[in-house]
Amino acid sequence: MFICVNSTGETMFSYFRLKSVWVKMEAPPVTVMPVTGGTINMMEYLLQGSVLDQALESLLHRLRGLCDNMEPESFTDHELVYLLKGQQGNPFILRARRSLSHPTAPWHLRYLGQPEVGDKSRHALVRNCVDVAASHSLPEFLNEMGFRMDHEFVANGHIFRKGVMKVVVSKLSRILVPGNTENTERLSLSYLVELSVLAPAGQDTVSEDMRSFAEQLKPLVHLEKIDPSKQRH
Amino acid sequence: MYDIFVYFCLFLLQHREEKQLEASVESLASRVAHVKNALHSFIYKLENEYERLAWPSVLDNFALLSGQLNTINKLLKNEKTPSFRNQVIIPLLLSPDRDEDLAKLTEQRVPVFSHEIVPDYLRTKPDPEVEEQEKQLSTEAARIGPEVAQKQIQALNKVCSNLLEKLNNPRDDRDTETSSLRQNKPSFNPADTNALVGAVAFGKGLSKCRPPGPVAPTHPGQGPMMSGGPTLQQVTIGGGSGQQAGMGGPGAPQQQGQPGKMPSSIKTNIKSASGSMHPYTRSLPQQ
């Protein structure tokens, strides 16, 4: 068996013999690797669902009862998704988000990795997540770096919090004229409901808590792990 | 009432019925004490921890109280329990002085057994308003006559028995009717869920092939980012990468008139590459 190691000493690939053939294994996902240095990898645990317009009020009431007692916060955000095409063909994606209701607030830049396919029994979608704040010159900066905007949309809705869990109920609208956020058209007659937690890598109890919270929202909305790559079709 | 029962009944006990009375009073007193404690903790929670209270726990508290009241009712209906109506409580001595024993027994709620507290604690008649309402109801009942009353009783009985039947029958009988009711009012649509998730994850449904105009700083026709199977989205990646070089000047006029035709030409370019771009083949054992 031999192991290919990259410059920082992390195991990248290992090969072992299976019968008469060499089999290549990739490095295990981040959640089982020890943190060797630098910043802690934050993972986003996600469950998604949707609710029709007519059931929105009852969902908001229920969330107000179940979540932390704070004034329900509403938001209007404009999100732009930037792509950087590399040589290999897997483009690098960054999501830039700014608040339309607080125009002076900084932009929010987020990287979301591929969903981890490790554990089928895990109840939530887990992916690597890096969040930074950025100034208002972010779009020009990304353009100069070589990113190109792929698509943009406007999301507005409500956000609730329960401990570390965050529930976002949002209505997505597509932008008809690029750059003009006033002229929007709703994408569907439903609101998107997302339950997410940002936690350091390796904490699997988080998904249990998320699942029990999701149980309390049934039958109004079914929050489940939806694999984005299956939605392509 | 808990403290009053215990204090006076001790004087009346002599015979076996009295022993029975004492036993039932004891158990009633303990049940009432449970209710009192539950109420006390619930009120405390409401007053002090209301920021952290969520309705599931409030519902739990109410359920607990209702359960305890139910047990009290059952106890009162129990045949072993003598009829409390036959007992009469007569105050033998009223004094305006503080009575330490009484105060201790009642946890400082009744320190003095005087003329003021007797009308409240030993009351057996209902409040005047309640008495008025009862009188009205009984005159109403007398007025409508026995046949009408009988009919009303029968209607009520029928409604109750229908309801009980529905509740007692096994669920599968009910499910067929209720599922059809439920279908009329679903609160979410799975197709919408998929559409929204697709839009957020990779912009499905959001305008992709933007006509390249002089003002558009973005690249039209760039496909989505992650590699996937050989779908139309994947197809446009190849188209994007293939056309990238030509994006600036010469590429633009080509695309301008034909954003709709682009996908068809790209399909042929990309088909050969799509097999190797599937992410999962990398991790499968190569035999």
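Things to note:
- Matching residues, the range B:108-140, being touching a strand residue (DSSP E or B) at 6+ places or on another chain (Cβ under 7 Å) and of a type in the set (A, V, I, L, M, F, W, C): B:VAL112
- The set of residues in the range A:98-112 being more than 10 Å from chain B (Cβ to nearest Cβ) and surrounded by fewer than 18 Cβ atoms within 10 Å (Cβ to Cβ) consists of A:SER99, A:LEU100, A:SER101, A:HIS102, A:PRO103, A:THR104, A:ALA105, A:PRO106, A:HIS108, A:ARG110, A:TYR111.
- The set of residues from the range A:171-181 being open to solvent by less than 40 Å² (accessible area, probe 1.4 Å), more than 9 Å from chain B (Cβ to nearest Cβ) and out of contact with any His (no Cβ under 8 Å at 6 or more places or on another chain) comprises just one member, A:SER173.
- The set of residues in the range A:58-73 being part of a loop (DSSP other than H, G, I, E, B) and either more than 10 Å from chain B (Cβ to nearest Cβ) or closer than 16 Å to A:LEU195 by Cβ (or both) consists of A:CYS67, A:ASP68, A:GLU71, A:PRO72.
- Among residues of the range A:191-206, those that are of a type in the set (Asp, Glu) and open to solvent by less than 30 Å² (accessible area, probe 1.4 Å), counted: 0
- Consider the range A:161-190 and keep the residues that are assigned to a strand (DSSP E or B) and among the β-branched types (Val, Ile, Thr). The one that is farthest from the chain's Cα centre (by Cα) is A:THR184.
- For the range A:191-217, a tally of residues being assigned to a strand (DSSP E or B) and either polar (S, T, N, Q) or within 18 Å of B:THR193 (Cβ to Cβ) (or both) returns 6.
- When residues of the range A:138-164 are limited to those that are open to solvent by less than 60 Å² (accessible area, probe 1.4 Å) and without any contact (Cβ under 8 Å) to a residue 60 or more places away in the chain, the one nearest to the other protein chains (Cβ to nearest Cβ): A:ASN143
So that you can scan it fast, the table gives a plain yes or no per residue for (1) modelled with pLDDT of 80 or more; (2) open to solvent by 70 Å² or more (accessible area, probe 1.4 Å); (3) of a type in the set (Gly, Ala, Ser):
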| site | (1), (2), (3) |
| --- | --- |
| B:ILE144 | yes, no, no |
| B:ALA149 | yes, no, yes |
| B:LEU163 | yes, yes, no |
| B:LEU167 | yes, yes, no |
| B:ASP173 | no, yes, no |
| B:PRO190 | yes, yes, no |
| B:THR193 | yes, no, no |
| B:VAL200 | yes, no, no |
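- Verdict on A:ALA134 being modelled with pLDDT of 90 or more and surrounded by fewer than 19 Cβ atoms within 10 Å (Cβ to Cβ): yes
- Counting only residues that are at pLDDT 75 or above and either in contact with a strand residue (DSSP E or B) (Cβ under 8 Å, 6 or more places away or on another chain) or open to solvent by 30 Å² or more (accessible area, probe 1.4 Å) (or both), the range B:1-39 holds 19 of them.
The rows are residues; the columns are (1) over 21 Å from A:LEU56 (Cα atoms); (2) among the aliphatic types (A, V, I, L, M).
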{"site": "A:SER135", "(1), (2)": "yes, no"}
{"site": "A:GLU152", "(1), (2)": "yes, no"}
{"site": "A:VAL164", "(1), (2)": "yes, yes"}
{"site": "A:THR181", "(1), (2)": "yes, no"}
{"site": "A:SER196", "(1), (2)": "no, no"}
{"site": "A:PRO200", "(1), (2)": "yes, no"}
{"site": "A:VAL221", "(1), (2)": "no, yes"}
{"site": "A:SER229", "(1), (2)": "yes, no"}
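The values are calculated or read from the model by the stated rules, or taken from the named source; none is laboratory data. Small disclaimer: the values here were computed from a predicted structure and weren't measured. Neighbour counts are summed over all protein chains in view; Cβ atoms, including those assigned to glycine, are modelled from backbone coordinates with ideal geometry. Remember, those area values only see protein heavy atoms, side chains included, never the ligands or the DNA or RNA. Shrake-Rupley method; radii C 1.70, N 1.55, O 1.52, S 1.80 Å.
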